Amino acid sequence: MEATEYTEKLIEHFQNPRNVGRIPRPDGVGVIGDPSCGDYLRIYIKVKDDRLFRIKFEVYGCPAAIATTSILTEMALGRTLEEAQKIRPQDVAGALGGLSAVKMHCSNLGTAALYQAIALYQQQR
Ligand code: FES
């Protein structure tokens, strides 16, 4: 895959990102920035019976950061916390049909923010 090539699925998620926004009084929040590109992301979660039942995000980032976080929220919704912590950046990239090597780091932002939000929730219990 060329450095700037995006799959159709990635473009679709970039143009219509799912679960964008903020959750008031979230159970956990994850905040991640990538100093190498300046992109920035927040994920908010609500947890019920050990499952993610709401998840939203706000991002200032590239198309790959937006699309990977969008599809990550779809993949994580309804999963147990343990299952959600097993979602890897490669799984997210794969769900979009792949990412070029130079864009793989973009898929780290969402998963890192999600792990952080879950960890914060677990610490506060
Ligand atoms: S270039 Fe920064 S996350 Fe994509």
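Within region 7-41, if we keep just the residues that are in contact with a Lys or Arg (Cβ under 8 Å, 6 or more places away or on another chain) and not aliphatic (A, V, I, L, M), the residue that is nearest to Leu81 (Cα to Cα) turns out to be Asp27.
One residue alone among Lys56, Lys9 is touching a residue at least 12 places away in the same chain (Cβ under 8 Å), out of contact with any Cys (no Cβ under 8 Å at 6 or more places or on another chain) and closer than 16 Å to Leu120 by Cβ, and that residue is Lys56. Checked against (1) over 17 Å from Ala117 (Cβ atoms); (2) touching a residue at least 12 places away in the same chain (Cβ under 8 Å), Pro35 passes all but condition (2). Picking from residues in region 104-125 that are crowded, with 23+ Cβ neighbours inside 10 Å and not β-branched (Val, Ile, Thr), the one that is farthest from Tyr6 (Cα to Cα) is Ala117.
Could you tell me whether any residue of region 116-125 is more than 14 Å from the ligand (Cβ to nearest atom), of a type in the set (Lys, Arg), at pLDDT below 95 and not in a helix (DSSP H, G or I)? For region 116-125, residues more than 14 Å from the ligand (Cβ to nearest atom), of a type in the set (Lys, Arg), at pLDDT below 95 and not in a helix (DSSP H, G or I): present.
The values are calculated or read from the model by the stated rules, or taken from the named source; none is laboratory data. On a predicted model such as this, the values are computed, not experimentally measured, just so you know. Every residue, glycine among them, receives a Cβ derived from its backbone with ideal geometry; neighbour counts consider all protein chains shown.
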